[in-house]
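Read the structure below first, then the notes.
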Amino acid sequence: MVQELLKIHDPDRLNLINAGQAWRLLMETPRHYKDEVTFTDSLGEMSVNCSILEEYKD
């Protein structure tokens, strides 16, 4: 899903790091979810809607 979005929206940035590096970065990055399509900060004060991902759900 993410790879497909990158191919569409930013093909020049595809595969800048390998999968192992990407996984380590992902595991080091804190994630807080307000709901299914919204990321928020740890205090719940700032939110980012990511509803574009809903289009790609199976």
If we ask which residues in the range 22-39 are over 18 Å from Val2 (Cα atoms) and at pLDDT below 85, their number turns out to be 2
Note on the range 18-34: residues within 15 Å of the chain's Cα centre (by Cα) and loosely packed, with under 10 Cβ neighbours inside 10 Å are Ala19, Leu26, Met27, Glu28, Thr29, Pro30, Arg31
Residue pairs within 9 Å by beta carbon, gap of at least six or interchain, first lying in the range 1-14 and assigned to a loop (DSSP other than H, G, I, E, B), second modelled with pLDDT of 80 or more, listed first then second, are Leu14/Lys7
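The values are calculated or read from the model by the stated rules, or taken from the named source; none is laboratory data. This is a predicted model, so every value here is computed, not measured. All Cβ positions, glycine included, derive from the backbone under ideal geometry; neighbour counts span all protein chains shown.
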